[in-house]
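Step one of this worksheet: look at the structure below.
The values are calculated or read from the model by the stated rules, or taken from the named source; none is laboratory data. This is a predicted model, so every value here is computed, not measured. Every residue, glycine as well, gets a Cβ built from its backbone with ideal geometry; the counts of neighbours run over all protein chains shown.
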Amino acid sequence: MKKLKLIPMEEVDKQMNWTAEEIRRIKDNVKYMHVAYTIKEIRLSKKLTQQQLAVKAGIPRSVISRIESGKRNLTLETLMNIADSMGEEVEIRFVKKQKYRDL
């Protein structure tokens, strides 16, 4: 098996020469994927299929799939509905912005 080499983020930055807009989009995507991953993680921990969660939340299974895969943005209302359907609550905190390299 081929061993993978980890490249420091600073080196990736140099190689990619990203613009400020590209960096912003990457940061936004990382934040969104964290929410999507959390939804899936909780769903699996409760041994729910996407279909079962969709029925409980009253939304199509395809929407759950697209949310969990990061292909669909969700509203706060939908997020709270999904959380409630799994017996969870949504907690929103405002925190100090992090620098890109701190992600």
Considering every residue within the range 43-53, establish whether at least one is within 16 Å of the chain's Cα centre (by Cα) and at pLDDT below 95. no
Residue by residue through the range 1-47, note down the ones that are more than 27 Å from Asn73 (Cα to Cα), basic (Lys, Arg) and in a loop (DSSP other than H, G, I, E, B). Lys2, Lys3, Lys5
State whether one or more residues within the range 58-81 are in contact with a Pro (Cβ under 8 Å, 6 or more places away or on another chain), assigned to a helix (DSSP H, G or I), surrounded by 11 or more Cβ atoms within 10 Å (Cβ to Cβ) and not β-branched (Val, Ile, Thr). no
Looking across the range 39-57 at residues that are exposed (fewer than 15 other Cβ atoms within 10 Å of the Cβ) and not aliphatic (A, V, I, L, M), the single one that is nearest to Asp28 (Cα to Cα) is Glu41
With Asp84, Asp28 as the choices, which residue is within 30 Å of Glu10 (Cβ to Cβ) and exposed (fewer than 14 other Cβ atoms within 10 Å of the Cβ)? Asp28
